[in-house]
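Everything on this sheet refers to the single structure shown next.
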Amino acid sequence: MQEPAVVKKFRAIGTAEGISFLVLLGVAMPLKYMMDMPKAVTYVGWVHGILFVWYCYMVIETGQALKWKFGRIFLAFLASLLPFGPFLFDRWFLRKGKSALEE
């Protein structure tokens, strides 16, 4: 089974958004508060913000394309707010094969 193009795009954006969130929390924030380098949060924050909005757009686009129920769409949005959330959502809902994608 080949996954739909919208799922590939959603997974790529989810991975990038998840990584940017972890870099923001694990690298940029410590640099700002421990090393007095506020520009780290400024630049990483901008990148993460753009990826976050793009991820939210892709949740809606993917949800409509695959006819997801409200609960799955809600969990995808919730995943964007939690560290490691997009990775967990990807593992639980996007890698389980065709039946998981169509629910």
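Pairs needed: first member in region 2-28, within 19 Å of Leu78 (Cα to Cα); second member anywhere, open to solvent by less than 60 Å² (accessible area, probe 1.4 Å) and charged (D, E, K, R); C-beta distance under 6 Å; at least 6 residues apart or different chains.
Taking only residues 6 or more apart or on different chains, the pairs are Arg11/Asp90; Gly14/Asp90.
Kindly indicate the residue of region 1-57 that is over 20 Å from Phe93 (Cα atoms), not charged (D, E, K, R) and not in a helix (DSSP H, G or I) and also most open to solvent (accessible area, probe 1.4 Å) among those meeting that condition.
Going through the qualifying residues, I end up with Met35.
Tally up the residues in region 62-74 that are closer than 20 Å to Lys8 by Cβ, out of contact with any Ser or Thr (no Cβ under 8 Å at 6 or more places or on another chain) and surrounded by 13 or more Cβ atoms within 10 Å (Cβ to Cβ), please.
Counting residues in region 62-74 that are closer than 20 Å to Lys8 by Cβ, out of contact with any Ser or Thr (no Cβ under 8 Å at 6 or more places or on another chain) and surrounded by 13 or more Cβ atoms within 10 Å (Cβ to Cβ) gives 6.
Name the residues in region 60-91 that are polar (S, T, N, Q) and part of a helix (DSSP H, G or I), would you?
Matches in region 60-91: Thr62, Gln64.
The values are calculated or read from the model by the stated rules, or taken from the named source; none is laboratory data. Just so it is clear, the model here is predicted, and its values are computed rather than measured. Positions of Cβ are generated from backbone atoms using ideal geometry, with glycine treated the same way; all protein chains shown enter the neighbour counts. Keep in mind that these areas ignore ligands, DNA and RNA; they rest on the heavy atoms of the full protein, side chains included. Shrake-Rupley method; radii C 1.70, N 1.55, O 1.52, S 1.80 Å.
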